[in-house]
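Structure, as structure tokens:
The values are calculated or read from the model by the stated rules, or taken from the named source; none is laboratory data. Since the structure is predicted, the reported quantities are computational estimates derived from the model, not experimental observations. Glycine gets a Cβ as well: all are built from the backbone with ideal geometry, and neighbour counts include every protein chain shown.
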Amino acid sequence: MANIDLAVVGNNTLKSETGETVELKSLWKDQPVVLFFLRRFGCQICRWMASEISKLEPDLKASGVSLVGIGPEEFGLQEFKDGGFFKGGGEKVLLHFIQDSPGDLVPLEDISKAVGVSSKIQVGQRPVVRYIII
């Protein structure tokens, strides 16, 4: 696992959906958190992955773990929220994952295990590219 200094990472600021500026570290100040970073809210793969990770939300919530989605811009946010793609609203990195190719993702079982949550979710079918348009 990469050596990550959460004090440095936590000092970054984000804009909440209400427009309020918040420090990233405030998200894990009072409880453990799973941060889900999206490439953009209109990305179909991101929407699918958000729907998948949202299956964990009831088990995470029951165990006192927050689920937070973070995107790089406001464009497409309202449509993303209206579509119901994402159900999510410590001082230690429990799981660190770097995407090698566009379709890579952390299996839901690994996320549950990393935060010590028992879950019996059903993993959905991965998207399939049927046509390549050049």
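A few notes on this one:
- Exclusive hit being modelled with pLDDT under 85 and in contact with a Ser or Thr (Cβ under 8 Å, 6 or more places away or on another chain), set K92, K87: K87
- Single match in D59, D100, D30 (criterion: of a type outside the set (V, I, T), assigned to a helix (DSSP H, G or I) and at pLDDT 75 or above): D59
- Residue in the range 1-23 that is in a helix (DSSP H, G or I), modelled with pLDDT of 85 or more and farther than 17 Å from F86 by Cα present: yes
- Filter pass, F41 being touching a Leu at 6+ places or on another chain (Cβ under 6 Å) and assigned to a loop (DSSP other than H, G, I, E, B): yes
- Tallying residues that are surrounded by 19 or more Cβ atoms within 10 Å (Cβ to Cβ), more than 10 Å from the chain's Cα centre (by Cα) and aromatic (F, W, Y) within the range 33-49 yields 1.
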